[in-house]
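*Asks:* Here you go, one structure.
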Amino acid sequence: MKIIMLGAPGAGKGTQAKMIADKYGVPHISTGDIFRANIKEGTELGKKAKTYMDQGLLVPDELVVDLVVDRVKNPDCAKGYVLDGFPRTIPQAECLDKALSEMNDSMDYAINIDVPDDNIITRMGGRRACVGCGATYHVVNIPPKKEGICDRCGGELILRDDDKPETVKKRLDVYHEQTQPLIDYYTKKGIIKDVDGTKPMDDVFNAIVKILG
Ligand code: AP5
Ligand code: MG
């Protein structure tokens, strides 16, 4: 089961991808999480990525594509995987398709989590992310059991650097311009599945499980 999560920043891709990964026992591959881990460790990739991420811009395709293509060749991906935040541009999608077809493989589903922009802005300010395992919470919608502490691993919960309102606005513009065309791309391939992302988290998940079976 090979799944792509599509949706605007804050639509709930990470939240749902984690739930899918847990239920179906496949790895959750988030390019945003990979970059944030590299920033935390101070790697060259992290330093390069940070200059783009802090402005709400996409990291250049050449820094992302090989990283993901190598990752999906790992043995733990043999049963499938959930891609979260990749592909994000048409060239990234074309590179992924080319790499998969060379392995006689292809994606099964592109799940598009649909949430209007207005809704996104309010969600982002309340988001808290775990520095340890990357789990996401929302101070009002999905609060942790203990304020500031991750339910899953006990890690510290922080506000992401790119969740400032002006950066969120830029990320939404970039999404509409560069990532939304992927909905059309995967519609033409016949694998797009739309879900209403404005519903509560568990309802969104149930809708996804209905699709995946
Ligand atoms: P990335 O980390 O992928 O960020 P994003 O796409 O902007 O998406 P988010 O992680 O912000 O949102 P999400 O959809 O995962 O929502 P979440 O589940 O957290 O990328 C960050 C940056 O890295 C990019 O800007 C770019 O610079 C770079 N990058 C990454 N991949 C790249 C690529 N392939 N190419 C180039 N650059 C790349 O949910 C949001 C909030 O809402 C949370 O607080 C959550 O608790 C809450 N919530 C979730 N579901 C619900 C619900 N149903 N109801 C109410 N609240 C909910
Ligand atoms: Mg995310």
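Each value in this text was obtained by applying a stated rule to the coordinates, not by laboratory testing. Model, not experiment: these values are computed from the prediction. Ideal geometry is used to build each Cβ from the backbone, glycine not excepted, and the neighbour counts take in all protein chains shown.
*Asks:* Could you work out the helix-only [θ] at 222 nm for the chain, with each DSSP H run of four or more residues adding -39,500 (n - 2.57) and the total divided by the number of residues, to the nearest 500 deg cm²/dmol?
*Replies:* Helix contribution divided over all residues of the chain: -13500 deg cm²/dmol.
*Asks:* Using only the Cα atoms, what convex hull volume per residue in Å³ does the range 159-213 have?
*Replies:* 114 Å³
*Asks:* Which residue, chosen from I4, L63, T15, occupies the Cα position most advanced towards the positive end of the dipole of the range 1-108, where the dipole is computed from +1 (Lys, Arg) and -1 (Asp, Glu) charges on Cβ about the Cα centre?
*Replies:* Sorting the options by dipole projection puts first T15.
*Asks:* In terms of Cα to Cα distance under 14 Å, which aspartates and glutamates are near enough to K164, apart from those fewer than 8 places away along the same chain?
*Replies:* Cα-Cα hits under 14 Å: D54.
*Asks:* Mind listing the long-range amide H neighbours of S30? Cut-off is under 5 Å, sequence gap 5 or more, other chains count too, H placed in the peptide plane at 1.01 Å from N.
*Replies:* D84
*Asks:* So, one more: About the Cα centre, and with charges only on the beta carbon of Lys, Arg (+1) and Asp, Glu (-1), how big is the dipole of the chain? Nearest 20 debye, please.
*Replies:* Magnitude of the dipole: close to 460 debye.
*Asks:* Just name one of I111, P75, P27: the one whose Cα is farthest towards the positive end of the charge dipole of the range 25-141 (beta-carbon charges, Lys/Arg +1, Asp/Glu -1).
*Replies:* Sorting the options by dipole projection puts first P27.
*Asks:* Restricted to Cα positions, what overall size does the chain have along the principal axes? Three whole-Å values, descending.
*Replies:* On the principal axes, the chain reaches 47, 41, 33 Å in Cα extent.
*Asks:* What is the sum of charges, Lys and Arg at +1 and Asp and Glu at -1, for the other residues whose Cβ falls under 12 Å from the Cβ of G25?
*Replies:* 0
*Asks:* Per residue of the range 200-212, in order, report the coupling 6.51 cos²θ - 1.76 cosθ + 1.60 (Karplus, θ = phi - 60°) as ³J(HN,Hα) in whole Hz, putting x for Gly and Pro.
*Replies:* My calculation for the range 200-212 gives x, 3, 6, 5, 4, 4, 4, 5, 5, 4, 4, 6, 6 Hz in order.
*Asks:* Take the residue pairs K145/K193; K98/K210; K23/K199; K40/K199 and return only those whose Cα atoms are more than 24 Å apart.
*Replies:* Cα-Cα > 24 Å for K145/K193; K98/K210; K40/K199; rest within.
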